[in-house]
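Below you'll find the structure, written out as structure tokens, and then a few comments.
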Amino acid sequence: VQLQASGGGLVQAGGSLRLSCAASGRTVATHAMGWFRQAPGKKREFVSAIRWSVDSPLYADSVKDRFTISRDNAKNTVYLQMSRLKPEDTAIYSCALGSILSPNLKSGASYDYWGQGTQVTVSS
């Protein structure tokens, strides 16, 4: 299984970025997909996750109403649309794939495969 994250970059505060996570070896439609981030000197934290298409996506409180997770089953890709970015959003963002039956998608332990991460830097 390979997860390829892309779309990171440098953006000014208030700007937007869209991250992509392309999966191979597993079908995203039948798995839970999550995004996590890790800032320098901090622990990895949950950002967002999606399970079934009909389920409500999960978001960390810090990104709710600013970030949107979505999935394109035909492209086997999950996206994270990030808007109104803040300097505190600066981190390496990683996507992860796990069992759709996992009870707690906010925990990194629920995921079996991880992408390499993409850097997001938000300048003030």
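The values are calculated or read from the model by the stated rules, or taken from the named source; none is laboratory data. All values derive from a computational prediction rather than experimental measurement. Positions of Cβ are backbone-derived with ideal geometry, glycine not excepted, and every protein chain shown enters the neighbour counts. Ligands, DNA and RNA are excluded from the accessible area calculation, which covers all protein heavy atoms including side chains. Shrake-Rupley method; radii C 1.70, N 1.55, O 1.52, S 1.80 Å.
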*Give the residue that is surrounded by the most Cβ atoms within 10 Å (Cβ to Cβ), with candidates limited to residues of the stretch 73-106 that are under 21 Å from Thr27 (Cα atoms) and among the polar types (S, T, N, Q).*
Ser94
_Residue list for the stretch 53-72, restricted to those being at pLDDT 95 or above, assigned to a loop (DSSP other than H, G, I, E, B) and within 14 Å of Gly34 (Cβ to Cβ)_ = Ala60, Val63
*Residues of the stretch 107-121 being among the hydrophobic types (A, V, I, L, M, F, W, C) and either free of Cβ contacts under 8 Å to residues at least 12 places away in the same chain or open to solvent by less than 20 Å² (accessible area, probe 1.4 Å) (or both), which ones?*
Ala109, Val120
*asked:* So in the stretch 21-31, with the set limited to residues that are more than 14 Å from Phe67 (Cβ to Cβ) and not aliphatic (A, V, I, L, M), which one is modelled with the lowest pLDDT?
replied: Arg26
*Go through (1) open to solvent by less than 40 Å² (accessible area, probe 1.4 Å); (2) over 22 Å from Gln119 (Cβ atoms) and name the single condition Ala23 misses.*
(2)
*Can you name every residue in the stretch 38-52 that is modelled with pLDDT of 95 or more, surrounded by 11 or more Cβ atoms within 10 Å (Cβ to Cβ) and basic (Lys, Arg)?*
Arg44
*Looking only at the stretch 60-71, count how many residues are free of Cβ contacts under 8 Å to residues at least 24 places away in the same chain and open to solvent by 40 Å² or more (accessible area, probe 1.4 Å).*
5
